[in-house]
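Q: Next up is a structure, given as structure tokens.
The values are calculated or read from the model by the stated rules, or taken from the named source; none is laboratory data. This is a predicted model, so every value here is computed, not measured. Backbone-built Cβ (ideal geometry, glycine too); neighbour counts: all protein chains shown. What goes into the accessible areas is simple: the full protein's heavy atoms, side chains included, and nothing from ligands, DNA or RNA. Shrake-Rupley method; radii C 1.70, N 1.55, O 1.52, S 1.80 Å.
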Amino acid sequence: MKTITKNITFAALLSAIAYLLTAFAAIPYAGGAGYLNFGDAVIIFSSMILGPWWGALVGAIAGSLADLSAGYISFALFTLVAKAGEAIITGLFFKYIKNNLKYIGTVLGALFMVATYFVAYLILYGVGGLISSAFDLIQATVGVVFSIILYQLYIKIYKPNANSAS
């Protein structure tokens, strides 16, 4: 019971942080088709430390709420798939691969997010909206880099103190 309570609490905290970074630290794309944000770093990080399913929950909650609160209602379903999928892919790599190859999951997860939005832009805006995918590649890169930095800080700070904190 102790672990589930910690996971729920940590997932809620990370969802709130990811939401804030997505909704309030956002840089709109030209033409109004989406925005660059830093929430992906927290979503990827959450799946690294909590696992694929908790990470997917963080991504689905934070990303979809950010879209809904920003008026991007047409993107909410795509965001749910993009962010949850990003977290699941990353989390599965971190769960099942124990060497440094697990970091490939962060890149593949981020590319899944980009591919999902690529489809969304095509459906919602046609070929003209696909330019936003270039910005999503930047967002994906920023998310991967910062999530790895967060993870390295986490394992240096939290892991040595994990036994004494309980």
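Q: Looking at LYS95, LYS83, which is the one that is touching a residue at least 12 places away in the same chain (Cβ under 8 Å), more than 16 Å from the chain's Cα centre (by Cα), within 17 Å of ALA56 (Cα to Cα) and assigned to a helix (DSSP H, G or I)?
A: So the residue among LYS95, LYS83 that is touching a residue at least 12 places away in the same chain (Cβ under 8 Å), more than 16 Å from the chain's Cα centre (by Cα), within 17 Å of ALA56 (Cα to Cα) and assigned to a helix (DSSP H, G or I) is LYS95.
Q: Please state which of the following conditions TYR35 fails to meet, knowing it meets all the rest: (1) more than 24 Å from ILE131 (Cα to Cα); (2) open to solvent by less than 50 Å² (accessible area, probe 1.4 Å); (3) among the hydroxyl-bearing types (Ser, Thr, Tyr).
A: Result: TYR35 passes all but (1).
Q: Checking LEU108 against (1) within 13 Å of PHE75 (Cα to Cα); (2) surrounded by fewer than 20 Cβ atoms within 10 Å (Cβ to Cβ), only one condition comes out false. Which one?
A: Here LEU108 clears every test but (1).
Q: A follow-up question, please. Do you know which residues across segment 122-153 are within 25 Å of TYR103 (Cα to Cα), open to solvent by 50 Å² or more (accessible area, probe 1.4 Å) and among the aromatic types (Phe, Trp, Tyr)?
A: PHE135, PHE146
Q: Same structure again: Restricted to segment 68-78, and to residues that are over 15 Å from ALA16 (Cα atoms) and free of Cβ contacts under 8 Å to residues at least 40 places away in the same chain, which residue is surrounded by the fewest Cβ atoms within 10 Å (Cβ to Cβ)? Please lay out each step first, then the result.
A: So the first thing to find is which residues in segment 68-78 are over 15 Å from ALA16 (Cα atoms), and the list is 70-78.
Those left that are additionally free of Cβ contacts under 8 Å to residues at least 40 places away in the same chain: 71-73, 76-77.
On the way: GLY71: 8, TYR72: 18, ILE73: 10, ALA76: 16, LEU77: 12.
This residue is GLY71.
Q: Identify, by number, the condition in (1) of a type outside the set (Gly, Ala, Ser); (2) surrounded by fewer than 22 Cβ atoms within 10 Å (Cβ to Cβ); (3) out of contact with any Lys or Arg (no Cβ under 6 Å at 6 or more places or on another chain) that PHE93 doesn't meet.
A: (3)
Q: Report every pair of residues separated by at least 6 positions or lying on different chains whose Cβ atoms are under 6 Å apart, first residue within segment 111-126 and under 19 Å from ILE88 (Cα atoms) and modelled with pLDDT of 90 or more, second open to solvent by 80 Å² or more (accessible area, probe 1.4 Å) and assigned to a helix (DSSP H, G or I).
A: Taking only residues 6 or more apart or on different chains, the pairs are VAL114/LEU137.
Q: Let me ask another. Has segment 57-67 got at least one residue that is surrounded by fewer than 22 Cβ atoms within 10 Å (Cβ to Cβ) and farther than 22 Å from ALA25 by Cβ?
A: No, segment 57-67 contains no residue that is surrounded by fewer than 22 Cβ atoms within 10 Å (Cβ to Cβ) and farther than 22 Å from ALA25 by Cβ.
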